[in-house]
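What follows draws every value from the coordinates through simple rules; no lab data is involved. Source: prediction; values computed, not measured. Methodologically, a virtual Cβ is constructed for each residue, glycine included, from the backbone with ideal geometry; neighbour enumeration extends over all protein chains shown.
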Amino acid sequence: MAEHEGILLGGEVIEGGITTLTRELLAVGRGLGNELGGPVSILFLGEGISEVAQEAILLGADRSYVVGGPPWERLHPDYYAEVLAAVSWQIRPRLILLGQSDLGRDAAPRLAARLQTVVTLDCTEVKVDSETGRILQTRSVYGGKAMAVWISKHEPQVITLRARAVKPAEPDTSRRGEVVPLDIRVDESKVKGTLLQTVREPVKGVALEEAKVVVAGGGGIGGSEGFRMLEKLAQLLGGAVGATRVPCDEGWVSSSLEIGQTGHVVSPDLYIAVGISGAPQHVVGCSNSKWIVAINRDPEAPIFRVADFGVVGDYREAIPALLEKLKELLSA
Amino acid sequence: MNIIVCVKQVLDPEIPAAKFKIDAKAKCVIPPEGIPPVINPYDAQAVELALRLKEQHGGKITVLTLSDDGGDKVVKHALSMGADEGIVLSDEAFGGSDSFATAYILARAIQKIGDYDLILCGRQAADWDEGLVGSLLAHFLDLPLVTLAKAIEVEDGKLVVTRVILNGYQQFGVPLPAVVTVSNEVGQARLPSGWGIIFAARKQIPVWTAADIEADLSRVGPGAARRELQQLFIPSRERGCKLISGESTAEAAAKLATELREAGAI
């Protein structure tokens, strides 16, 4: 059997553009490629994506494979897994790296099962062990209380990368590579069930993942009313509002605002945690933020341990005063 | 509609971080004294969804767990919520099984049960947080799979499953039987009822071994594991927090704004 070589990345295009997570994959993939040797390839599935494929080369890929198919909102995860499996059989990579996105997290186990190999989802770090040359996969376990480092015993190994774990790749116009169209026929009997529809809720203002400032509220906010105050603060700072699980479960805010292990992962420049106790399940979703501010009545709340700045007190008093002062500073 | 729900016993995920200890050498978690393990909360939500489907469409709910000890406790929890039957899979050979082996063992047991329309799993276990077993189970059973469901409707003997995505939802149509993993958006799992607790206490729970489900022993246990755990550690996310105080909370908050400005955070 031929040796496995190189890396295959699962590129994603939403509304015509390369996703930020795909640029993060390219950053990790390029780094691993330089250490491991072998080509760094990326696969795009869809129509009218040759420009995107070209852009991926500037972002670090040696080769962009383009396969015709439905756009992501009509793409069944079985179909995607079939295409990835077919390409993998053809090019035999050591590693297949997907994003831990709505699609990637769903397709990765399906792909690993098809390839009879192994999969590690939601890694925050993927690196080469300098001594053994093996690929170390780090991920959060026990709700963020611990981290585990895994080594796969099979190849190709399938890994998904958590969003905002690394800086996205920047284009380098001097880079060269090839765009390779592939004709992959998917056996429709391997696609079980039908994707009837994908509904994306319009995001109010800035998307959480893209926001430079995130103002997040927890159980301490006490109801939907308090979130109006957080919205004002987010608006002033050009940021987005997020929440922990409690406000989502209680229906104070839409569950699409959840930050943490079962929600969004964000890494803004400034994260303002209001009325948030700081459970590990939440902190794993924001711990990569540049600055973390905590406002909480309970001085013992664990959130203060992971914060850079803290104010102990009632947010109802703190937020209006903070707003006032920020307005003054920002207009000065 | 006959539903099988796969459940797992886990370390109580609500324990405070201070009580969470690991044995770095053995690469495992040291169970804290006096805090009993619980049914994986995501699995309890899968049981909850099964109960809602049963209330609408009738049928039977069978709960399945793989456990080397105490597995009947989580099965009994599900029975006390309203499930009808429970089975524990237990065998020395099963210890140290990874997600692939676990899914294989569950698939063998489900094939032995035979009579089912739907298999539900929690989206992930609150211990290793992998979220793999449900997906792999569908593969071993060669069944349709939908992950991260927040709702299931039954229409003309088919399912319409609403899947959670980050900024919205997807709907999948799948024929039965199918495997569905259940996300936390289904809402709180119901508490055991008084009658349910009595029913569960009296219920005999069969234990099936590797031989009972005709499991291929080369596919289970640590020998079959496709990965190796290199390291387990407790991360330090601590930052030196500068607590800002003032005469009042408002004054402290105003000072915070100034600090943020000086630090270049805004």
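Tabulated results
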item: Total charge dipole magnitude, the protein assembly as shown, about the Cα centre, Cβ charges on Lys, Arg, Asp, Glu only, Debye to nearest 20; result: 460
item: Contact order normalised by residue count of chain B, Cα under 8 Å, 6+ apart, percent; result: 24
item: Approximate shape of region A:136-178 as ellipsoid semi-axes (Cα gyration tensor, √5λ), whole Å, largest first; result: 29, 17, 7
item: Alpha-carbon centroids, region B:9-41 and region A:34-58: separation in whole Å; result: 43
item: More than 39 Å apart - percent of Cα-Cα pairs taken over the protein assembly as shown; result: 30
item: Euclidean distance between Cα centres, region A:63-104 to region A:274-288, Å; result: 32
item: Ratio of Rg to Rh over region A:1-111 (Cα coordinates, Kirkwood Rh, two decimals); result: 0.93
item: Local net charge near B:ALA250, Cβ-Cβ under 9 Å (Lys/Arg +1, Asp/Glu -1); result: -4
item: Percent antiparallel among DSSP beta bridges (both partners in the protein assembly as shown, rounded to 5); result: 40
item: Two-site FRET efficiency, B:ILE30 against B:GLU92, from Cβ-Cβ distance with R₀ of 25 Å, rounded to 0.05; result: 0.65
item: Links that overshoot a 31 Å alpha carbon limit, given the list A:LYS212/B:LYS8; B:LYS27/B:LYS242; A:LYS290/B:LYS19; B:LYS8/B:LYS54; result: A:LYS212/B:LYS8; B:LYS27/B:LYS242
item: Formal net charge of residues neighbouring B:GLN188 (Cβ-Cβ distance under 10 Å; K, R +1; D, E -1); result: -1
item: Stokes-Einstein diffusion coefficient of chain A, Kirkwood radius over Cα pairs, 10 °C, 1.306 mPa s, in µm²/s; result: 75
item: Orientation-averaged projected area, Cα convex hull of chain B (nm²); result: 19.4
item: Cβ neighbours within 10 Å from other chains - mean over B:172-183; result: 2
item: Under the span-like rule (Cα at least 20 Å along the axis, Kyte-Doolittle mean at least -0.5), DSSP H helices of chain B; result: B:99-113, B:249-263
item: Euclidean distance of C-alpha centroids, region A:106-177 and region A:197-273, integer Å; result: 28
